[in-house]
Each structure stands twice: as C-alpha cells, then as structure tokens.
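Data first, discussion second: the structure below is written as structure tokens.
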Amino acid sequence: MGNRQDLNRLLEVANLELAYETVQVVWGVNLKVSRGQVVSIIGPNGAGKTTTLKALAGLIPVRKGRIIFDGQDVTSEPAHLRVRHHLCLVPEGRQLWARMTVEENLLMGAFSPPLRAKAHQNLNRIYELFPQLKERSKQACGTLSGGEQQMCAIGRGFMAEPLLLILDEPSLGLAPILVEQVFQMISRIAAEGVTILLAAQNANQALQVAQYGYVMEAGRVALEGVSDELRASDHVRRAYLGVSN
Ligand SMILES: Nc1ncnc2c1ncn2[C@@H]1O[C@H](COP(=O)(O)OP(=O)(O)OP(=O)(O)O)[C@@H](O)[C@H]1O
Ligand SMILES: [Mg+2]
C-alpha cells in the first residue's frame, strides 16, 4: 500500500528551509503533489510562495530539507537538469522575449536537444488546444495583451513536456475575464494529464482549479487540505475570500 502511494507521488518536499543570504524566509515547509493533481499554494504578499517555487526549480539553493521529484532526490541538482527531468517553472511576470513572436517564444520552450525533435509536433498540439495562440503566432509578444502573454508563457512551459508544471501567479494583474481564461487554460492542461503546482494570491480561482491547497503565511504552511474544505474554513473565507461574517 505504502509503495503504491509512493509511486503516485510526483513531488515531495520535506522540511524546506530557504534564505536570502542571512535572512531566512521559508521555515520547515512540507508539500506533497500526486501525479495528475492540481495543487495550489495561496497566501499573502511576502509569504514565501515564489521563494519556495524557485527552490523547486533549482533557482535558489536549499538551506535545509529535501526535494524528491519523480522518485529522485533533486535537492542539489542544478536548474537545467530539473528541466530535463520535466520539472518546469513558469515564473512570475512571464519573462517572454518581447521582440520575438509568439511562435518563437513557444519554440524556446523546447530548446533543449531531447525536446527539439518533437518541437513542431508539440507546437501543433498547443495550437490545437489554444487556438488563440495560433491566431497570434506571428505577433511580437511585447504587443500581446496581458492575458495573451500569460497564455504564451504557460504554452512555452507546456512545450517542455512537463511532468510537473509550476506556475507562479498566473493571473497577476489581469482583468477578471482574462483571469477566467488563464484558469481555463490551466484546467485544459491538467486535463492533458500534466500535474500542476501553482501559487496565487487569487485564492478563489486557485482553489477552484485545484484538488488540494496549501496556505502559506510568513514562510510557513499555516493550513492545508482538500480545496473544498479549505474554501469552507473560516480562516480562508475571512482572510482570502473576503467573506466578512
Ligand atoms: N531576492 C531577494 N532578496 C532578499 N529577500 C527577498 C528576495 N526575494 C524575496 N525576498 C523576501 O522573501 C520573502 C518572501 O518573498 P516571496 O517573493 O517568496 O513571497 P510571495 O509569497 O511570493 O509574495 P507575493 O504574493 O507578493 O508574490 C519576502 O519577505 C521578500 O521580501
Ligand atoms: Mg510571489
């Protein structure tokens, strides 16, 4: 039984401690993500969400604790090797090449040699799934709307054939209708079988799309649970869903 559960687990983070130089900002964080799940991390500004996600991608060294991905200890593995193991981060703020077209940006997601051979096949799959990106394929990314840019950034992550797609604030700064579109895109990618871990201040959408959620506050996991239970909890309702009674 235990074995079966282990096989099903794609990511396990145990006792993670992270710091910027001498300032520790993440304290003893534990996270688990099973294959095929969408898991959300919610929490206020400065809670440590981005820091945690960067550490998962190998962009910040781990001070203490372990990161097990797809059965392997990747705690001190460099970022480019994690990408090769199909652990992909779509960073906060999108970070697209503004002068390059949508298609060129998408193809950059399949830059590493093992992916290049399948790049055009994956590109067509993305265009099939997200016709909006196809319509804009020849347009420079710098001229896209915020929502389209976010879709392009997520699409670029998808080009790397992720086992785990990590999304940091996918709906940041977007108007409500675009937030809706971006979360629809996330659901569609999840329906393709991609496991997703996302961080968002938009607790409502983040918990709607996810099966399981973590609430991070001041560098620690303050609360975790099945999304529906979290959404029903007084703490989440008051602090994150704007319910006053
Ligand atoms: N490069 C850095 N150097 C020093 N401190 C940093 C750096 N980046 C973040 N921090 C600090 O680490 C803490 C956690 O920040 P982090 O960006 O992980 O929070 P967050 O939960 O992603 O917040 P937000 O919701 O605003 O994106 C904050 O106190 C922040 O000031
Ligand atoms: Mg952040």
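Return the percentage of antiparallel bridges among DSSP beta bridges fully within the chain, rounded to the nearest 5 %.
55 percent
Report, in whole Å, the centroid distance computed from the Cα atoms of segment 13-48 and segment 104-183.
A separation of 25 Å, based on Cα centres.
For each of Cys152, Cys88, count neighbouring Cβ atoms within 10 Å of the residue's Cβ, then give the residues from fewest to most.
The most exposed by this proxy come first: Cys88, Cys152.
Short version: ³J(HN,Hα) in whole Hz for each residue of segment 97-113, in order, from phi by Karplus 6.51 cos²θ - 1.76 cosθ + 1.60 (θ = phi - 60°), x for Gly and Pro, what are they?
Per-residue couplings from phi come out as 8, 4, 8, 7, 6, 4, 5, 5, 5, 4, 5, 4, x, 10, 6, 5, x Hz.
Based on the alpha-carbon gyration tensor of segment 84-142 and its eigenvalue square roots a ≥ b ≥ c, which shape applies: rounded if a/c is under 1.5, prolate if not and a/b is larger than b/c, or oblate?
Oblate, because a/c is 1.5 or more while a/b does not exceed b/c.
Return the aspartates and glutamates within reach of Lys138: Cα separation strictly under 12 angstrom, same-chain partners fewer than 8 residues apart disregarded; answer none if there are no such residues.
Glu103, Glu104
Out of all DSSP beta bridges in segment 148-245, what portion is antiparallel? Express it as a percent rounded to 5.
Of those bridges, close to 55 percent are antiparallel.
Sorting check: for 140-150, 224-234, which peptide has the highest mean count of neighbouring beta carbons within 10 Å, and how do the rest follow?
Highest-to-lowest ranking by the protection proxy: 140-150, 224-234.
If eta is 1.306 mPa s and T is 10 °C, what Stokes-Einstein diffusion coefficient results for segment 101-228, Kirkwood Rh from Cα pairs, in µm²/s?
Diffusion coefficient, whole number: 103 µm²/s.
Can you list the lysines whose alpha carbon sits under 26 Å from that of Lys32, skipping same-chain ones fewer than 8 residues off?
Lys49, Lys54, Lys64
Read the figures in this text as sums done on the coordinates, not as results from a lab. Bear in mind that the values here come from a model prediction, so they are computed numbers and not experimental data. Methodologically, a virtual Cβ is constructed for each residue, glycine included, from the backbone with ideal geometry; neighbour enumeration extends over all protein chains shown.
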